[in-house]
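What follows is a single structure, written as structure tokens, with notes after it.
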2 protein chains.
Amino acid sequence: MSQTIRLALDAMGGDRAPEAVIAGAEMVRARHGNVGFIMVGDEARLAPLMKGYPELSRVCELRHCDAVVGPDERPSAALRNRRPTSMRVAIQAVRDGEAAGIVSAGNTGALMALAKMTLRMLAGIHRPAIASIFPTRRGRTVMLDLGANLECTPDNLVQFAVMGEVFARTVLDIEKPSVGLLNVGIEHNKGNETVREAARLLQSGSLPIEFHGFVEGNDIVAGTVDVVVTDGFTGNVALKTAEGTARLFVDFLREAIDQSLMARIGYLLARGALKNFRDRIDPRLYNGGVFLGLNGITIKSHGSADEVGFANALGFAVEMARHGFNDKVIEELNRWHDGRSTEAQVAAG
Amino acid sequence: MSQTIRLALDAMGGDRAPEAVIAGAEMVRARHGNVGFIMVGDEARLAPLMKGYPELSRVCELRHCDAVVGPDERPSAALRNRRPTSMRVAIQAVRDGEAAGIVSAGNTGALMALAKMTLRMLAGIHRPAIASIFPTRRGRTVMLDLGANLECTPDNLVQFAVMGEVFARTVLDIEKPSVGLLNVGIEHNKGNETVREAARLLQSGSLPIEFHGFVEGNDIVAGTVDVVVTDGFTGNVALKTAEGTARLFVDFLREAIDQSLMARIGYLLARGALKNFRDRIDPRLYNGGVFLGLNGITIKSHGSADEVGFANALGFAVEMARHGFNDKVIEELNRWHDGRSTEAQVAAG
């Protein structure tokens, strides 16, 4: 039987905390088994709620603290302010080796700042990245960075490629994930110097990565590759553009149907089939901004996520811990550096 | 009665040339009136087709040339190769003052390179930009740059803002268009130095532009602003991401409906209403990459556009010519420079 995976939860972060956090944890316990939680927050609020979850209570340690990072608090303020917030205490549990990872639906900037300061970077990684999953025509694709680094060097992009590839292989269970670099065209002479140099590094063959080459914006949801790598500026805009377009479509469709009685009857007949459609694009199944490159699993759930969404984010953390995600990333990076120094030696003769 | 507007058409560019070009020109003639065309291409193919359009023939001059820029020809090759292609001859008609603008469904890179070399930049504009129209929740939004400049200075972005604003005011007929700068967040401290400096310039008040501030990816199709300004790398990715997401939605919806008999019956009942939905997002109504900043109106129709799509792109050219688009841009830029030097005098004084 596999080892129990313990995760620290910021029970007070997000619009629906602590209820959605507790209910989400229970869903993950029932689904994955062999998990344990450190639930950090206001004991006076948590304890009565936990009474409704006897099985979860058995694998859950409550850790009291009464401060919370505000949703609009600036990351710099969250760093300076040394009070023990539920977010900070949960991250510290990871630093102290009590938990393999932390999941929070609280303030994104504060979570990144606190996690970076407390957990430090993973050996060999220069910058953290935020990754998320997209539904695509072919299945699921992971994209990074989504906003942690607005400007990236070619080396940063290569490191993101390594982390994204390991994520797709372990968490998404894709045997040989293909990796693409987001660009304005697929020809090798397209784009700026940064993406072209990153492509050269990824093509060099010293990484065991299936590098597809450049991909374009439409390739993200087409599922052309399993991993899309880009800088945080472009990734953030692409993510929000896709979300906005999806929302516009649903609204336009609803408005068109509402305008006609025939269409409303038609909708009732098609409702079952449309449920499949909705399930396929249910944003809760894609909830979870995964912070990669930190020395401890860190996941940000959407602030408005319900228990299904929170459970999805938490599920990513369980899978990452189970597969030793960070160890695998370090392993790949070592292979990469070994390959590069061998190449340098060969070149030096 | 307003003056006749003459436009030069690359009759041989695009997958459906010359049929879609001729049929599209006829649609614009019937719709706008008071237009004339220089139809450039292989006379042996054009003349028989024109026989079917007696009214168009009266306002259309055929200009023979038998060479065509290939769809995969590199812009540098198209520049070097001095043979008179339909694209080159049509652009020369604009340079020589015979036509107010050129519309082509041919090779994008070649069109930009040839137009830039032949027409030169508009006085005061440093870099050209490609603009397109998006359907949004509120109506229509114009976004630029979509790929002409992968890296932009703050001044470039300000000039794009001026051109986008004039386009929205004249062609889209929006009285006081609002302008937003695409960024990873709306707070003033978000983003890289380039967008923050561009925002400072746009806020300075020496431009008569309604500057909204920063917008995010989801704001593009939400229609938060009438003009979205960004660099060509981000804009290109955002455009293709939106297109890809829209296509994925339509496909997912179709698959869901095809899976069930009830849903197919429902679809038949809703068909009329869904036609409104489809019309609202019909890509043909948004066809046309408008090259802004050149000393002559230049519009790229999608290579696969049919006559409705081509007519839409051509319609933009008519409206730009009718409103003296380029003169208005120069006027705005002069106001901007006057405002800046006044500010400098005040500051120095």
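Restricting the stretch A:19-44 to residues that are of a type in the set (Gly, Ala, Ser) and at pLDDT 95 or above, the residue that is farthest from the chain's Cα centre (by Cα) is A:Ala44.
The residues on offer are A:Arg80, A:Arg63, and the sole one that is over 29 Å from A:Leu285 (Cβ atoms) and either in contact (Cβ under 8 Å) with a residue 12 or more places away in the chain or under 24 Å from the mean Cα position of the chain (by Cα) (or both) is A:Arg63.
Quick check on this structure: which one of B:Asp226, B:Asp219, B:Asp155 is farther than 20 Å from B:Met112 by Cα and under 18 Å from the mean Cα position of the chain (by Cα)?
The unique qualifying residue is B:Asp226.
For first residues located in the stretch B:268-290 and within 14 Å of B:Ala305 (Cβ to Cβ), partners that are part of a loop (DSSP other than H, G, I, E, B) and lie 6+ apart or on another chain with Cβ distances below 7 Å form the pairs B:Arg284/B:Ala305; B:Arg284/B:Asp306; B:Asn287/B:Ser301; B:Asn287/B:His302; B:Asn287/B:Ala305; B:Gly288/B:Ser301; B:Gly289/B:Leu146.
Give the stretch B:288-308 a look and list any residue that's closer than 13 Å to B:Ser104 by Cβ and touching a His at 6+ places or on another chain (Cβ under 9 Å), or say none. Within the stretch B:288-308, B:Gly288, B:Gly289 qualify.
Of all residues in the stretch B:116-139, those satisfying the criterion of being surrounded by fewer than 24 Cβ atoms within 10 Å (Cβ to Cβ), within 30 Å of A:Arg254 (Cα to Cα) and touching a helix residue (DSSP H, G or I) at 6+ places or on another chain (Cβ under 8 Å) are B:Ser132, B:Ile133, B:Phe134, B:Pro135, B:Thr136, B:Arg137, B:Arg138. Looking at the stretch A:188-222, which of its residues are open to solvent by 20 Å² or more (accessible area, probe 1.4 Å), assigned to a loop (DSSP other than H, G, I, E, B) and within 22 Å of B:Ala242 (Cβ to Cβ)? Passing the criteria: A:Lys190, A:Asn192, A:Glu216.
Scanning the stretch B:300-310 for residues that are in contact with a Phe, Trp or Tyr (Cβ under 9 Å, 6 or more places away or on another chain) and surrounded by fewer than 24 Cβ atoms within 10 Å (Cβ to Cβ) yields a single hit, B:His302.
Scanning the stretch A:136-170 for residues that are assigned to a helix (DSSP H, G or I) and under 30 Å from A:Phe277 (Cα atoms), we see that the one that is nearest to the other protein chains (Cβ to nearest Cβ) is A:Gly164. Applying the set (1) open to solvent by 10 Å² or more (accessible area, probe 1.4 Å); (2) not polar (S, T, N, Q); (3) not in a strand (DSSP E or B) to B:Arg6 leaves exactly one unmet item: (3).
In the stretch A:323-338, the count of residues that are part of a helix (DSSP H, G or I), under 24 Å from A:Phe249 (Cα atoms) and modelled with pLDDT of 95 or more is zero. One residue alone among B:Leu182, B:Leu248 is closer than 24 Å to A:Val184 by Cβ, at pLDDT below 95 and within 7 Å of another protein chain (Cβ to nearest Cβ), and that residue is B:Leu248.
Checked against the criterion of being in a loop (DSSP other than H, G, I, E, B) and under 30 Å from A:Gly101 (Cβ atoms), the stretch A:244-265 has no qualifying residue. Among residues of the stretch B:216-245 being of a type in the set (S, T, N, Q) and more than 7 Å from chain A (Cβ to nearest Cβ), the one that is farthest from A:Lys190 (Cα to Cα) is B:Thr224. What is the one condition in (1) open to solvent by 20 Å² or more (accessible area, probe 1.4 Å); (2) over 26 Å from A:Glu151 (Cα atoms) that B:Asp155 does not satisfy? That leaves (2) as the condition not met.
Collect the residues in the stretch B:120-145 that are within 13 Å of B:Ile299 (Cα to Cα) and either free of Cβ contacts under 8 Å to residues at least 40 places away in the same chain or not hydroxyl-bearing (Ser, Thr, Tyr) (or both), keeping them in residue-number order. Passing the criteria: B:Pro128, B:Ala129, B:Ile130, B:Ala131, B:Ile133. For the stretch A:252-287, filtered to residues that are more than 7 Å from chain B (Cβ to nearest Cβ) and open to solvent by less than 80 Å² (accessible area, probe 1.4 Å), the residue that is nearest to B:Leu268 (Cα to Cα) is A:Glu255.
Quick one: is B:Arg169 basic (Lys, Arg) and within 16 Å of the chain's Cα centre (by Cα)? Answer is yes for this residue.
Quick check on my filter: what residues within the stretch B:216-261 are of a type in the set (Phe, Trp, Tyr) and in contact (Cβ under 8 Å) with a residue 24 or more places away in the chain?
Taking the stretch B:216-261 first, the residues of a type in the set (Phe, Trp, Tyr) are B:233, B:249, B:252.
If the condition is that a residue be of a type in the set (Phe, Trp, Tyr) and in contact (Cβ under 8 Å) with a residue 24 or more places away in the chain, then B:Phe233 is the only one that fits.
The values are calculated or read from the model by the stated rules, or taken from the named source; none is laboratory data. Everything numeric in this text was worked out from a predicted model, so none of it was measured. Virtual Cβ from ideal backbone geometry, glycine too; neighbours counted across all protein chains shown. We work out accessible area using only protein heavy atoms, side chains counted, and drop any ligands, DNA or RNA first. Shrake-Rupley method; radii C 1.70, N 1.55, O 1.52, S 1.80 Å.
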